[in-house]
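> Before anything else, here's the structure in question.
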Amino acid sequence: MLDFAKFTKYSKPGPRYTSYPTALEFSEAFEYNAYINKLETQDKSRPLSLYFHLPFCRNACYFCGCNVVFTSKEDKMVRYIEYLKREMKILSQHLDTSREVIQMHFGGGTPTFFTAKQLKKIINLIKSHFKNFSKEAEISCEIDPRHINEDQMKVLRRAGFNRVSFGIQDFNEKVQIAVHRVQPYDITKDAMELARKYKMRSVNVDLIYGLPYQTLETFKETLRLAVSLDPNRFAIFNYAHVPWLKKTMRKIDETTLPEPDEKLRIMQYTIDFMEKNGYKMIGMDHFAKPDDELFLAIEKGELHRNFQGYTTKGGADLIGVGLTSIGEGVDYYAQNIKVMAEYEAAIDAGKLPFERGVYLNEDDLIRQYVIMSL
Ligand SMILES: C[S@@+](CC[C@H](N)C(=O)[O-])C[C@H]1O[C@@H](n2cnc3c(N)ncnc32)[C@H](O)[C@@H]1O
Ligand code: SF4
């Protein structure tokens, strides 16, 4: 049982905790040349994990804390692919791209906002730079169920993608309207069926608790519907409300957000409900079926968390490509530029679009180790 009284006093808005130190600690004190030096001196026997940020979405979900570029213009997408290509070319001057790739993730935004043909082009470009993909590589893509068709799923599968993650957030219509993301159940169900048809090894779904108008009762129904889709994994996030950082969140009427007590009740119910329905809790916000490799990894002490969530693939250097993407080495985090025009200008000048980061000293490494172990 959770000790609610203890938890409530820590209930304040804050960023999502995806690293130690968190992205808020990244600064320009970690300079370009230091980053290049880190890339050039990496231990070449360590494998690579690649993250590609594909930032486009058509409409804003008001709760969204991701780094997104809202557009409906096709030429922006075409142009972005060209810059990804150029970024990888510069990257290959500083990084040994023949190292084994054991993990790749397409995140966003909505990667499937790119057409099947465009996705194929992006993947071909990646494979022309990184030629040594492991046969066992974990290759995943974030998908908005409202933007996926069979051609796209086919391209992903043929390129070796074996995991997909669908954003659901909440099935309740009133909640969906309040957050500007109307996504009827059948749309999500169709997307799930497509993933199964193309034999994706693992399907994850994202839910969020703490959204406007959510109550324990409404969230119970969301959980029931989500479990009926039979995903392999769940990510059930606590809503990070940071309107001072994300303008679209200001469109949310704060008086409609559930109180901390209600959120805790939702969390407690969620943990019990997932256990009763055959899912095991993995770390802070993930659940997986007991036969899922994430769960097996806990027992073997091989569970890791990086910017792509929980993974069994530890010991790799993470390289971020694209606007705002984050990379992680043994003792640093590095983040790319967040503004498209500046991102392009850096690449035009023949430089990596690196903006800031943090170098971890011994004290940081100890804290990071303890937090990640917890
Ligand atoms: C890039 S989106 C997933 C793919 C796709 N764009 C979609 O929305 O379906 C990443 C996920 O982060 C979660 N997320 C976004 N903003 C959040 C916030 N402020 N607090 C907690 N989780 C958030 C959502 O669950 C979302 O599905
Ligand atoms: S939650 Fe997903 S679809 Fe919605 S704005 Fe954010 S990235 Fe785009």
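No lab work stands behind these numbers, since they all come straight from the coordinates. For clarity, every value in this text was computed on a predicted model and none was experimentally measured. No Cβ is skipped: glycine too gets one built from the backbone with ideal geometry, and neighbour counts run over all protein chains shown.
> Cα to Cα, under 23 Å, and not fewer than 8 places away if on the same chain: which lysines meet these conditions relative to Lys89?
By straight Cα distance, Lys89 reaches Lys38, Lys44, Lys76, Lys117, Lys120, Lys121, Lys127, Lys131, Lys338, Lys351.
> Which of rounded, prolate or oblate describes the range 219-374 when judged by the alpha-carbon gyration tensor and an a/c cut-off of 1.5?
Details: a/c = 2.09, a/b = 1.36, b/c = 1.54.
In terms of gyration-tensor shape, oblate.
> Under 5 Å between amide H atoms, partner at least 5 residues away or on a different chain: which partners does Asp206 have, H built in plane at 1.01 Å?
Under 5 Å from the amide H of Asp206 lie the amide H atoms of Phe166, Gly167, Ile168, Gln169, Ala235, each far enough along the sequence or on another chain.
> Which of Asn59, Ile366, Ile122 sits closest to the plus end of the dipole of the chain, meaning its Cα is farthest towards the positive end, when Lys and Arg get +1 and Asp and Glu get -1 on the C-beta?
Ile122
> Ok, one more. For a protection proxy built on the mean count of beta-carbon atoms within 10 angstrom, sort 304-313, 165-174 highest first, please. Please list the in-between numbers first.
On the way: 304-313: 19.5, 165-174: 21.3.
Sorting 304-313, 165-174 by mean packing, highest first, produces 165-174, 304-313.
> Per DSSP H run of n ≥ 4, the term is -39500 (n - 2.57); total these for the chain, divide by its residue number, and report the mean residue ellipticity at 222 nm rounded to 500 deg cm²/dmol. Provide the component values of the computation, followed by the final result.
Working: 12 runs with 136 residues, N = 374.
It comes out at -11000 deg cm²/dmol, rounded to the nearest 500.
> In µm²/s, what is D for the range 43-373 at 37 °C and 0.692 mPa s, where D = kT/(6 pi eta Rh) by Stokes-Einstein and Rh is the Kirkwood radius from Cα pairs? All intermediate terms of the calculation are to be shown ahead of the outcome.
Numbers: Rh = 20.7 Å.
Calculated translational D: 159 µm²/s.
> Relative to the first principal axis of the alpha-carbon coordinates of the chain, what is the inclination of helix 185-197, with its axis defined by its Cα atoms, in degrees from 0 to 90 and to the nearest 10?
Taking Cα atoms only, the helix is inclined about 50 degrees.
> Can I ask one more? Compute the helix-to-body angle for 216-228: its Cα long axis versus the longest principal axis of the chain, expressed 0 to 90° and rounded to tens.
Roughly 60 degrees between the two axes.
> Between Ile90 and Lys73, how many nm apart are label points set 7 Å from Cα along the C-beta direction?
A separation of 2.1 nm, rounded to one decimal place.
> Which percent, nearest 5, of DSSP beta bridges in the chain are antiparallel?
On the way: 20 of 55 bridges.
Antiparallel bridges make up about 35 percent of those DSSP assigns within the chain.
> As a quick test, which of the pairs Lys154/Lys300; Lys73/Lys247; Lys189/Lys289 have an alpha carbon distance above 29 angstrom in this structure? If you can, show how the numbers build up before the last one.
Details: Lys154/Lys300 34 Å; Lys73/Lys247 22 Å; Lys189/Lys289 19 Å.
The answer is Lys154/Lys300.
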